[in-house]
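What follows is a set of notes on a single structure, which appears directly below.
Throughout, read-outs are computed from the coordinates displayed, never taken from laboratory work. Computed from a predicted structure; not experimentally measured. Cβ coordinates were reconstructed from backbone atoms using ideal geometry, including for glycine residues, and neighbour counts include every protein chain displayed.
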Amino acid sequence: MSRPMVDLRGVYKSFGTLEVLRGVDLRVRTGEVTVVLGPSGSGKSTLLRSINHLEKVDRGHVSVDGELMGYRRVGDRLHELKERDILRQRTHIGFVFQSFNLFPHLTVLDNVAEAPLSAQRRPRREVYPVARRLLDRVGLADKADAFPRQLSGGQQQRVAIARALALDPKLVLFDEPTSALDPELVGEVLDVMRDLARSGTTMIVVTHEVGFAREVADSVVFMDDGLVLEQGPPAQVLDAPRHERTRAFLSKVL
Ligand code: ADP
Ligand code: MG
């Protein structure tokens, strides 16, 4: 593989005595969509959080676009980056959560504009037109002045996606973006994600939506008990899984 967008090598992470990641290797190519499947508690959220250094891994390393996350290499030693530099690294990575996490006191437009205004200190006359274009892209141009509580869950999650795109990220991480939604609202969010995938955005999506994985993913990863048990094209992992654990999981979610 040419230089991958995301490269995890031998990543370990424990919380106290609980080993949550037990030697994860994962590579994600630029422009590709990787869907991560796996049972609850298998370490999927911890994996995503480790990629943008919201979790500091105990062993192994994570790089994004060739840059080591959280550290700087000096000779053969690693120096931890300062908080400011870690925040700078994170500006290249969008994150969409299950629970939307919008700012309730800001309008939809201000939610999308917030990071470029405050983290990047860019001028409002530059930021607002871009924010409006992003809202248009997720089909919510007419909701710019609404507050999050006035929107449906599906609309709020589409705002969260627009917000995740506001800093023009190299990579967007999704952690079960449709799990908190009423079933009839899932489709509109998946549609936005499908458009994003078609536009060449590099995405890692933790989801139980196997249909989305089949249709949109370039690569499907199955995680179990802190390990990547298998990774391959959707047809391989979903239709001809090599591991019994993958088969057992799929028989429950399909
Ligand atoms: P998944 O997203 O696959 O459901 P998680 O990565 O959220 O799995 O969690 C894996 C395991 O790690 C779970 O047992 C969870 O309770 C535990 N865990 C996750 N975060 C923490 C934390 N900050 N402190 C302690 N335990 C945690
Ligand atoms: Mg999770």
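Quick check on the exposure proxy: order 175, 145 from fewest to most C-beta atoms within 10 angstrom. Numbers along the way, then the final one.
Details: 175 20, 145 10.
Lowest count first: 145, 175.
For n ≥ 4 DSSP H runs only, could you compute -39500 (n - 2.57) per run for the chain, divide by its residues and tell me the 222 nm figure to the nearest 500? Calculated from helices alone, the mean residue ellipticity at 222 nm is -10000 deg cm²/dmol. For the chain, a Gaussian network of Cα nodes joined below 10 Å ranks 191, 76, 85 by mean-square fluctuation, and the top entry is 76.
Exposure proxy check: 80, 19 ranked by fewest other beta carbons within 10 Å? Working shown, then result.
On the way: 80 11, 19 15.
Result, fewest neighbours first: 80, 19.
Taken over the stretch 134-211, the percentage of Cα pairs per 5 Å bin, counting from 0 up to the bin with the maximum distance, is 3, 15, 29, 27, 17, 8, 1. Computed about its Cα centre, the charge dipole of the chain is approximately 820 debye, with only Lys, Arg, Asp and Glu carrying charge at their Cβ.
The convex hull drawn around the Cα atoms of the stretch 93-168, when projected onto a plane and averaged over every direction, covers 4.5 nm².
Set the bar at 32 Å for Cα to Cα. Now go through 82/143; 13/170; 143/170; 56/170; 82/170; 13/143 and name every pair that lies beyond it. Numbers along the way, then the final one.
Details: 82/143 38 Å; 13/170 25 Å; 143/170 27 Å; 56/170 21 Å; 82/170 21 Å; 13/143 41 Å.
The answer is 82/143; 13/143.
When the dipole is taken about the Cα centre of the stretch 93-168, and only Lys, Arg (+1) and Asp, Glu (-1) are charged at their Cβ, what size is it in debye, to the nearest 20?
Numbers: 11 positive and 7 negative charges, 20 e Å.
About 100 debye.
Based on C-alpha pairs under 8 angstrom that are at least 6 apart in sequence, the chain has a relative contact order of 25 percent.
Helix by helix, which DSSP H runs in the chain go 20 Å or more along their axis at the Cα atoms and have an average Kyte-Doolittle hydropathy of 0.0 or more? Let's see the in-between values first.
Numbers: long enough: 183-198 (23 Å, 0.17).
Going by DSSP H runs, the hits are 183-198.
All Cα-Cα separations within the stretch 38-118 were binned at 5 Å from zero, giving a P(r) of 3, 12, 19, 21, 16, 14, 10, 4, 1, 0, each value a whole percent of the pairs. Each of residue 236 and residue 218 was given a label point 7 Å from its Cα along the Cα-to-Cβ line. The distance between the two points is 1.5 nm. Averaging the Cα positions of each part gives two centres, and for the stretch 122-139 and the stretch 199-215 these lie 25 Å apart.
Taking one quarter of the surface of the convex hull spanned by the alpha-carbon atoms of the stretch 1-138 gives a direction-averaged projected area of 11.0 nm².
Computed on the chain, the Cα convex hull volume stands at 141 Å³ per residue. By the count of neighbouring beta-carbon atoms within 10 Å, fewest first, 50, 40, 45 end up ordered 40, 45, 50. For the stretch 84-134, the dipole from Cβ point charges (+1 on Lys and Arg, -1 on Asp and Glu) about the Cα centre works out to 220 debye, to the nearest 20. Taking all Cα pairs closer than 8 Å and separated by 6 or more residues, the relative contact order of the stretch 93-168 comes to 47 percent.
Here the convex hull built on the C-alpha positions of the stretch 115-246 has a volume of 133 cubic angstrom per residue.
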